[in-house]
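The values are calculated or read from the model by the stated rules, or taken from the named source; none is laboratory data. Just so it is clear, the model here is predicted, and its values are computed rather than measured. Here Cβ is always computed from backbone atoms with ideal geometry, including for glycine, and neighbour counts include all displayed protein chains.
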Amino acid sequence: HQSVLYPLLQITVSQFLVSPAQYSLTAIFHFHFNRPLPPPFPNFRSKWKVFIDQINRSLENYEPCSSQNCSCYHGVIDEDLTPFRGGISRKMMAEVVRRKLGTHYQIIKNRLYRENDCMFPSRCSGVEHFILEVIGQLPDMEMVINVRDYPQVPKWMEPAIPVFSFSKTSEYHDIMYPAWTFWEGGPAVWPIYPTGLGRWDLFREDLVRSAAQWPWKKKNSTAYFRGSRTSPERDPLILLSRKNPKLVDAEYTKNQAWKSMKDTLGKPAAKDVHLVDHCKYKYLFNFRGVAASFRFKHLFLCRSLVFHVGDEWLEFFYPQLKPWVHYIPVKTDLSNVQELLHFVKANDDVAQEIAERGSQFIMNHLQMEDVTCYWESLLTEYSKFLSYNVTRRKGYDQIIPKILKTEL
């Protein structure tokens, strides 16, 4: 006997290697399961079966999360705060502040105070917007918030010290918080984002409108990427595009560090492309940048299929996005990228289903209220580990809310 797994159906086939039996098996599929059997029969052992099986296993193991009280991400908070369950002492906090690992904030009697120095004022402003949104519900506390791109607390550092960072890998003890870019302070890209990428709530609306103009059947089936060369991990896709432009349309753009064509892999820099214009394409690529890439969440709202390269760098919402359920995982060296692209092209309905699940997750679980809720839950839980009463430092100014911003 020979067992064949075809999507979610287990079928036992006995001596079906002759032509009449092939027709019989095809008839069984057609009339009883309303699904065609891909001819010829040996295709059951094709490479697509490996991917189909992986998708099915991932769906079987996937547990959708609740939309209530941003509980989707409570596990991330618990994990990030685990190293500090023994308590955070005044001495430990003083050491973090002394080492300048981030910007020092204090919350006292529902007021927010900050040291004068902030390396990136617009990033601090983006962070402060969310803290001020929930400050009425927060107890007294103090914390150091890193607004640099890179995490600050490697796991080899003993003891672990509390520093908040927007992104990290499994090699760091930093406490993840929702990045400033949900409000402001994102990377400035001239001329499309001259004041920086920001206002997630407004950007969502633009992307949803663009996605409606480009439904799945109208999208271009060439894989697409535009971005600067912040990491050489992106090089293989650019080179593949130059070799096979019908399969992939990928080009490097300039960034602030651009000096010559060497920085765009020997070719002139391409023009920057607005994220809403990415929605024209079925397959969109996401790479890490210096740390996690801010584009990731935006790509899903195009209702396109996201190819996520590597799994090392995280933001707070990444752990609930599952490979094969919400996106296509790609090896960091892109050694499997051509095979994956051929798979999704040959299985368009499967590709669309993954794209829809990814889009729905971001629509339902990464709304602005989810971001604000995460800030409140994170800071409330964090405050429980402070083993002392916080006193206001001299020279710290109170941070007050700005007039509501409405521009991107």
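Yes/no matrix, rows are residues, columns are (1) out of contact with any Asp or Glu (no Cβ under 8 Å at 6 or more places or on another chain); (2) surrounded by fewer than 21 Cβ atoms within 10 Å (Cβ to Cβ); (3) of a type in the set (D, E, K, R):
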residue	(1), (2), (3)
Glu315	yes, no, yes
Lys322	yes, yes, yes
Tyr327	yes, no, no
His342	yes, yes, no
Glu353	yes, yes, yes
Glu369	yes, yes, yes
Problem - Among (1) outside the structural domain of Gln106 (by TED's automatic domain parsing); (2) in contact (Cβ under 8 Å) with a residue 40 or more places away in the chain - the single one Met141 does not satisfy - result: (1)
Practice task
Report, by residue number, each residue of segment 158-194 that is out of contact with any strand residue (DSSP E or B) (no Cβ under 9 Å at 6 or more places or on another chain) and either of a type in the set (Asp, Glu) or modelled with pLDDT of 95 or more (or both).
Solution key: Glu158, Ala160, Pro178, Ala179, Trp180, Thr181, Phe182, Trp183, Glu184
Problem - Subset tally (residues that are over 20 Å from the mean Cα position of the chain (by Cα) and of a type in the set (Asp, Glu)) for segment 226-244 - result: 1
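Listed here are the residues, each with its yes/no results for (1) surrounded by 17 or more Cβ atoms within 10 Å (Cβ to Cβ); (2) part of a loop (DSSP other than H, G, I, E, B).
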position: Glu251; (1), (2): yes, no
position: Ala257; (1), (2): no, yes
position: Lys267; (1), (2): no, yes
position: Val276; (1), (2): yes, no
position: Arg288; (1), (2): yes, yes
position: Lys297; (1), (2): yes, no
position: Glu312; (1), (2): no, yes
Fill in the blank from the handout: Matching residues in segment 204-226 (crowded, with 19+ Cβ neighbours inside 10 Å, touching a helix residue (DSSP H, G or I) at 6+ places or on another chain (Cβ under 7 Å) and either not in a helix (DSSP H, G or I) or not assigned by TED's automatic domain parsing to the domain that holds Met261 (or both)) number 5
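So, in segment 173-189, how many residues would count as being within 17 Å of the chain's Cα centre (by Cα) and not in a loop (DSSP other than H, G, I, E, B)?
5
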Exercise for the section: For Ala188, indicate whether it is buried (at least 18 other Cβ atoms within 10 Å of the Cβ), of a type outside the set (Asp, Glu) and over 18 Å from Ser383 (Cα atoms). Expected result: no
Exercise for the section: Pull up segment 60-89, narrow it to residues that are among the small types (Gly, Ala, Ser), surrounded by 12 or more Cβ atoms within 10 Å (Cβ to Cβ) and modelled with pLDDT of 95 or more, then point me to the one that is nearest to Ser387 (Cα to Cα). Expected result: Ser89
Fill in the blank from the handout: Across segment 241-265, the tally of residues that are aromatic (Phe, Trp, Tyr) and at pLDDT below 95 stands at 1
Practice task
Kindly establish whether Leu378 is within 22 Å of Ser58 (Cα to Cα) and of a type outside the set (Lys, Arg).
Solution key: no
Problem - Unmet requirement for Val147, which otherwise passes all of (1) in contact with a Cys (Cβ under 8 Å, 6 or more places away or on another chain); (2) closer than 18 Å to Arg393 by Cβ; (3) not small (Gly, Ala, Ser) - result: (2)
Handout entry: Unmet criterion (only one of (1) more than 28 Å from Ala212 (Cβ to Cβ); (2) in contact with a helix residue (DSSP H, G or I) (Cβ under 7 Å, 6 or more places away or on another chain); (3) in a loop (DSSP other than H, G, I, E, B)) for Pro319
Key = (3)
Handout entry: Residue identified as at pLDDT 95 or above, out of contact with any helix residue (DSSP H, G or I) (no Cβ under 6 Å at 6 or more places or on another chain), assigned to a helix (DSSP H, G or I) and outside the structural domain of Pro323 (by TED's automatic domain parsing) among Thr391, Thr380
Key = Thr380
Exercise for the section: Pull up segment 115-152, narrow it to residues that are in contact with a helix residue (DSSP H, G or I) (Cβ under 9 Å, 6 or more places away or on another chain), among the aliphatic types (A, V, I, L, M) and not in a helix (DSSP H, G or I), then point me to the one that is nearest to Glu312 (Cα to Cα). Expected result: Val147
